[in-house]
Amino acid sequence: MPAQHGLVKEHTVDRLKVKVYENREELGRAAGMEVAKRIKELLSTQQSVRIIFAAAPSQNEFLKTLVREEEIEWSRITSFHMDEYIGLEKNSPQRFSAFLRNGVFDIVKPGTVHLIDSSGSIEQESARYANLLQEAPIDIVCMGIGENGHIAFNDPPVADFQDPKLIKPVELDEACRRQQVNDGCFPAMNDVPTHALTLTIPALMSGAALFCMVPGTTKYAAVQQTLGGTISTNCPASILRTHPNCTLYVDVDSYESASK
């Protein structure tokens with residue numbers, strides 16, 4: 001296989017494949033091409049593909065590459081997203097559903113899009129979305145890691161590797177909410193919702209293939225803990241080291257000496 005453009009290093013930590021790129025643009029390009037390849041391979045052998053997407057600025061370069069990839073039959077794809085704020089107006093641009101509509105769904109028009117609706121009964125929506133997730137296996141999860149090591153909105157205080165639920169309401173911790181300000185999604189901490197609905201860690205880990213994109217200097221500590229710390233809910237992303245088919249895409253900024 002020819003060397004990938006911009007690939008600086010690749011290795012494995014436990015079962016987790018790690019690929020280090022020169023910058024976030026090369027990271028996003030490589031991840032987008034590899035997810036597109038996986039989708040096309042699956043569509044050649046099965047009728048449809050079920051994908052969970054993350055909504056965050058860390059996914060921008062990856063998503064831009066993915067939506068430009070040709071020969072993907074998006075009409076045969078069922079799409080989910082992994083979390084949504086509670087308490088925002090339905091038309092709020094900060095909703096993760098709005099992020100994914102603008103960046104993916106309205107562009108490629110998947111055959112089915114299942115959005116989390118956090119505006120009504122949280123209990124009823126949790127049951128509805130869990131039923132949708134259980135209709136068939138999840139083929140692909142496209143995700144990131146938060147500054148506090150969270151995956152989806154499973155922050156350390158609420159993360160549960162053995163969670164009995166597939167989706168649940170959670171209170172967001174301060175580090176998680178501060179990241180939303182750092183990312184430019186909200187002007188100030190007081191504007192960031194305090195609660196959200198999130199897919200649980202077992203729901204994410206149920207995906208047959210996980211692709212995790214984590215660029216930028218603000219993610220260095222989280223990457224360091226993910227790769228070098230103990231596998232525990234103190235860094236929820238550390239559980240990715242146990243998945244049989246997960247690739248972590250980092251750039252030099254987020255990786256540096258994280259493996260040492």
Practice item. For segment 34-45, state whether one or more residues are within 19 Å of the chain's Cα centre (by Cα), at pLDDT 95 or above and among the small types (Gly, Ala, Ser). Key: yes
Practice item. Output the residue which, of all residues in segment 75-96 that are small (Gly, Ala, Ser) and at pLDDT 95 or above, is most open to solvent (accessible area, probe 1.4 Å). Key: 75
**Study point:** Among the candidates 122, 145, residue that is aliphatic (A, V, I, L, M), closer than 25 Å to residue 248 by Cα and either modelled with pLDDT of 95 or more or open to solvent by 50 Å² or more (accessible area, probe 1.4 Å) (or both)
**Key:** 145
Exercise for review: Need at least 1 residues that are in contact with a helix residue (DSSP H, G or I) (Cβ under 6 Å, 6 or more places away or on another chain), in contact (Cβ under 8 Å) with a residue 24 or more places away in the chain and charged (D, E, K, R) per element, so show me which strands (runs of 3 or more DSSP E) inside segment 1-120 make the cut, counting only ones lying wholly within it.
Suggested key: 83-86
Review point. If we keep just the residues of segment 162-218 that are among the acidic types (Asp, Glu), in a loop (DSSP other than H, G, I, E, B) and under 13 Å from residue 147 (Cβ atoms), which is least open to solvent (accessible area, probe 1.4 Å)?
Key: 173
Check your understanding: Of all residues in segment 133-167, which are without any contact (Cβ under 8 Å) to a residue 60 or more places away in the chain and under 24 Å from residue 59 (Cα atoms)?
Key -> 158, 166, 167
**Study point:** Qualifying positions in segment 222-251 - out of contact with any Ser or Thr (no Cβ under 7 Å at 6 or more places or on another chain), open to solvent by less than 60 Å² (accessible area, probe 1.4 Å) and farther than 16 Å from residue 10 by Cα
**Key:** 222, 233, 236, 239, 242, 243
Practice item. Return the only residue of 157, 137 being closer than 21 Å to residue 219 by Cα and either open to solvent by 40 Å² or more (accessible area, probe 1.4 Å) or assigned to a helix (DSSP H, G or I) (or both). Key: 157
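The values are calculated or read from the model by the stated rules, or taken from the named source; none is laboratory data. Since the structure is predicted, the reported quantities are computational estimates derived from the model, not experimental observations. Note that each Cβ is placed from the backbone with ideal geometry, even for glycine, and that neighbours are counted across all protein chains shown. Side chains included, ligands, DNA and RNA excluded: accessible areas come from the protein's heavy atoms. Shrake-Rupley method; radii C 1.70, N 1.55, O 1.52, S 1.80 Å.
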